[in-house]
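First up is the structure itself, then whatever we jot down about it.
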Amino acid sequence: MSLVSQIILNADKELRYLSIGELQSIQNYLRTGEIRTTISAKLRDNEKEIIQQAGKAIFQIHPEYIAPGGNAEGPRKRSLCLRDYGWYLRLVTYGVITGDKNSIEKIGIIGVREMYNSLGVPIIGMIDSINCLKEATIKTLEADEAAIVEPYFDFIIQGMS
């Protein structure tokens with residue numbers, strides 16, 4: 001749900017008009033619409049390179065993951081790990097477009113710790129992975145674009161912690 005939809009639904013639940021602050025939030029959101037769509041397109045278009053950079057970085061931090069017996073041992077397991085990178089990057093684009101973290105929470109954070117624990121994936125490794133994905137993503141963006149994207153990665157990281 002977008003920031004605009006959420007604000008309207010909240011006001012409607014309380015049977016009231018939008019407040020000055022809510023109208024300003026909507027105005028600020030709409031003002032950043034073009035940059036949000038640009039960011040989303042950049043992340044989509046650079047997904048392969050971002051994931052490749054993030055994958056290299058995480059396996060430098062945790063070489064034990066690709067060592068015999070590691071969670072990402074062999075090409076099949078490694079590709080499954082990197083597939084998750086694409087999923088998280090896509091979630092970030094949803095947040096960027098909607099201007100809201102609710103879509104990330106509903107689609108990707110609820111239950112994520114339990115899922116990774118049940119698969120035997122170390123949570124610290126997932127947090128490190130998302131940090132690597134964040135850093136690789138930021139390298140593809142301008143400073144103002146990175147400032148918009150970073151909070152969504154931080155939200156995912158916080159949800160895993």
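The table below lists the values:
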quantity	calculated
Estimated distance in nm for a label pair at Ser79 and Ala11, the labels positioned 7 Å out from Cα along Cα-to-Cβ	5.0 nm
Accessible-area composition of the chain, carbon plus sulfur, in percent [1.4 Å probe]	56 percent
Most mobile of Ala67, Ala57, Ala136 in a GNM of the chain (Cα contacts under 10 Å)	Ala67
Angle in degrees between helix 47-61 and the longest Cα principal axis of the chain, rounded to the nearest 10	50 degrees
Surface per residue (accessible, 1.4 Å probe) for the chain, Å²	57 Å²
Degrees separating the helix 3-13 axis from the principal Cα axis of the chain, which is the longest one	50 degrees
FRET efficiency, 1/(1 + (r/R0)^6) with R0 41 Å, evaluated for Glu64 and Leu23 via beta carbons	0.20
Between 0 and 90°, nearest 10: helix 20-31 axis offset from the chain longest Cα axis	60 degrees
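The values are calculated or read from the model by the stated rules, or taken from the named source; none is laboratory data. Since we're looking at a predicted model, the values are computed, not measured. Neighbour counts run over all protein chains shown; Cβ positions are idealised from the backbone, glycine included. When the accessible area is computed, the model is the full protein with side chains, heavy atoms only, and any ligands, DNA or RNA have been set aside. Shrake-Rupley method; radii C 1.70, N 1.55, O 1.52, S 1.80 Å.
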